[in-house]
Amino acid sequence: MAQPSTIGKLPAVGDIAPQLRFVRQDRSNAELFELRGQVVLLLSVPSLDTSTCATEARMFNKLAAGLGAQVLVMSMDLPFAMKRFCETEGIANIHTGSDFRFRDLSEKWGAAIAEGPLQGVHCRAVWVIDLEGVIRYHELTAELASEPDYDAALQAVKSLLERVSS
């Protein structure tokens, strides 16, 4: 199944990351801006309640351990479901954010699927954002059911972290 079209143009490499408000697992509000000064690996997924999204979250949880970057997985899932998923799967190295309240990832980032049976949920995409909030890596998977290129995303993160430490 090909990646369906989204409602807008996704932010690209070189763009300043748009506003992104989200809801944490404890139902408190948060913003991407609060992570400024850190390298952020932002993942957009349709739902953690699907096998590909669950695999992606598990993989990034494993690969992010000790990485030194903030990993944020965003979907339209409710915070309750995200918390249950993380507790059940032992997810401790990534953060989850629900877009159900503000819909910033859906609307300001254009990541909502525009039509079809999954209309309104997020596409599968990855962004790496630098310390100043500039997007330095972006991937929109070719297939909605495909996992992202973990190696390329992690290499982008590591390159930014190496520049910071030197």
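The values are calculated or read from the model by the stated rules, or taken from the named source; none is laboratory data. Quantities reported herein were computed from a predicted structural model and do not represent experimental measurements. FYI the Cβ positions are ideal-geometry reconstructions off the backbone, even for glycines, and counts take in every protein chain you see. The area values use the complete protein model at the heavy-atom level, side chains included, leaving out ligands, DNA and RNA. Shrake-Rupley method; radii C 1.70, N 1.55, O 1.52, S 1.80 Å.
Look through the range 2-21, keep the residues that are surrounded by fewer than 15 Cβ atoms within 10 Å (Cβ to Cβ) and among the hydrophobic types (A, V, I, L, M, F, W, C), and return whichever of them is nearest to residue 116 (Cα to Cα). Filtering first and then ranking leaves 2. In the range 140-153, the residues that are touching a residue at least 40 places away in the same chain (Cβ under 8 Å) form Cβ pairs under 8 Å with partners that are open to solvent by 70 Å² or more (accessible area, probe 1.4 Å), at six or more places apart or across chains, as follows: 141/147; 143/1; 144/1; 145/1.
For residue 36, the conditions (1) under 25 Å from residue 134 (Cα atoms); (2) touching a Pro at 6+ places or on another chain (Cβ under 7 Å); (3) open to solvent by 10 Å² or more (accessible area, probe 1.4 Å); (4) of a type in the set (D, E, K, R) all hold with the exception of (2).
Against the test of being touching a strand residue (DSSP E or B) at 6+ places or on another chain (Cβ under 6 Å), part of a loop (DSSP other than H, G, I, E, B) and open to solvent by less than 30 Å² (accessible area, probe 1.4 Å), the options 120, 110, 97 yield a single qualifying residue, 110. The set of residues in the range 129-147 that are under 13 Å from residue 46 (Cα atoms) and either touching an Asp or Glu at 6+ places or on another chain (Cβ under 8 Å) or surrounded by 19 or more Cβ atoms within 10 Å (Cβ to Cβ) (or both) comprises 141, 144, 147. Residues in the range 143-166 that are of a type in the set (A, V, I, L, M, F, W, C), farther than 21 Å from residue 107 by Cα and in a loop (DSSP other than H, G, I, E, B): 145 alone. Being more than 22 Å from residue 135 (Cα to Cα), of a type outside the set (Asp, Glu), in contact with a Ser or Thr (Cβ under 8 Å, 6 or more places away or on another chain) and open to solvent by 60 Å² or more (accessible area, probe 1.4 Å) is a description that applies to residue 24.
One residue stands out in the range 150-166 among those that are open to solvent by 30 Å² or more (accessible area, probe 1.4 Å) and among the hydrophobic types (A, V, I, L, M, F, W, C): the one that is farthest from residue 130 (Cα to Cα), namely 152.
Restricting the range 1-57 to residues that are assigned to a strand (DSSP E or B) and under 23 Å from residue 159 (Cβ atoms), the residue that is nearest to the chain's Cα centre (by Cα) is 43.
In the range 6-34, the residues that are over 17 Å from residue 73 (Cβ atoms) form Cβ pairs under 9 Å with partners that are open to solvent by 30 Å² or more (accessible area, probe 1.4 Å) and of a type in the set (Asp, Glu), at six or more places apart or across chains, as follows: 7/107; 8/107; 16/132; 19/31.
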